[in-house]
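Take a look at the structure below.
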């Protein structure tokens, strides 16, 4: 990836609220085009985005870097990762699959060890991934099969998609943890316990002491291996997660910022505003205005929406 900063661009939220029993949606066809020219904003989702470039070439822009893509490439962009796909021409077409990870791994869906796998997945330092056709390994082939299942929709296709997704996401989780020789580190269990606890108790006063105790490690040792595995300190990860939950509340519920701050675990509005500015590069009120002034016309809140069938392939 090339080094380039887009940190000052506005960030727009594009959420997809998917059914709990099949939290997956596909945007198929040739009408999903990359943005031409320089981006004016970055956007992010509450779901993981799996993209397939049908034609054209260009760059995927992130906060601090850009990655070149071409026809046949797959992109993996994790939830809450600001990005935008651009092209110098108008012929760059993509297809996308979006998956709500929390719903997919929810206990009600009957996935044995789903909570643990979800914690491992979210522990990865969520670095976007581009897979080229000339890197046609097992993960690339699994992604091809995933899109094919959505296109053909043969008997029991939803079960096939479910199984393929579990395999793909498991591979991605362990890929993020593996060392240069493909071996997962010994700290997997410790990190997964901590991530799970943070995601379940973020609105409470989570301390380093209790996270280390869950992992049966000293505080200094736990902090070291957590930072090594995740790329953030435990406190920084907690703050980032609280802000992600705050964005959901701000976007979907008309409640005051002080109530948002309280519900996600901040002890004061000033602390909440400071952390929001740090992560979003704008204040909560500025972020609300940015999203209100330019709403996402393809936002998906319900499969029952009469307009959804014209935009999305289910």
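Residue 265 is checked against (1) in a helix (DSSP H, G or I); (2) closer than 30 Å to residue 64 by Cα; (3) touching a helix residue (DSSP H, G or I) at 6+ places or on another chain (Cβ under 9 Å) and fails just one. What number does that condition carry?
Result: residue 265 passes all but (1).
Take the residues in the range 100-151 that are part of a loop (DSSP other than H, G, I, E, B) and at pLDDT 70 or above, then tell me which one is surrounded by the most Cβ atoms within 10 Å (Cβ to Cβ).
100
If you check 239, 286, 259, which single one turns out to be touching a helix residue (DSSP H, G or I) at 6+ places or on another chain (Cβ under 6 Å) and modelled with pLDDT of 85 or more?
Just one listed residue meets the conditions, 239.
Can you find, within the range 49-85, the residue that is surrounded by the fewest Cβ atoms within 10 Å (Cβ to Cβ) among those that are touching a helix residue (DSSP H, G or I) at 6+ places or on another chain (Cβ under 6 Å) and over 15 Å from residue 33 (Cβ atoms)?
Quick first cut of the range 49-85, residues touching a helix residue (DSSP H, G or I) at 6+ places or on another chain (Cβ under 6 Å) only: 52, 72, 74, 80.
With the extra rule that they be over 15 Å from residue 33 (Cβ atoms), the set shrinks to 72, 74, 80.
Details: 72: 16, 74: 22, 80: 19.
For the range 49-85, the residue satisfying everything is 72.
Would you say residue 175 is modelled with pLDDT of 85 or more, touching a helix residue (DSSP H, G or I) at 6+ places or on another chain (Cβ under 9 Å) and assigned by TED's automatic domain parsing to the domain that holds residue 23?
So residue 175 does not fit the description; no.
In the range 195-216, what residues are over 29 Å from residue 260 (Cβ atoms) and surrounded by fewer than 19 Cβ atoms within 10 Å (Cβ to Cβ)?
Correct list: 213, 216.
For the range 67-98, give me each residue that is in a loop (DSSP other than H, G, I, E, B) and under 23 Å from residue 168 (Cα atoms).
Correct list: 71, 72, 73, 78, 79, 80, 81, 82.
Go through the range 200-232 and count every residue that is without any contact (Cβ under 8 Å) to a residue 12 or more places away in the chain and closer than 28 Å to residue 15 by Cβ.
2
The values are calculated or read from the model by the stated rules, or taken from the named source; none is laboratory data. Quick caveat: nothing in here was measured; it's all calculated off a predicted structure. No Cβ is skipped: glycine too gets one built from the backbone with ideal geometry, and neighbour counts run over all protein chains shown.
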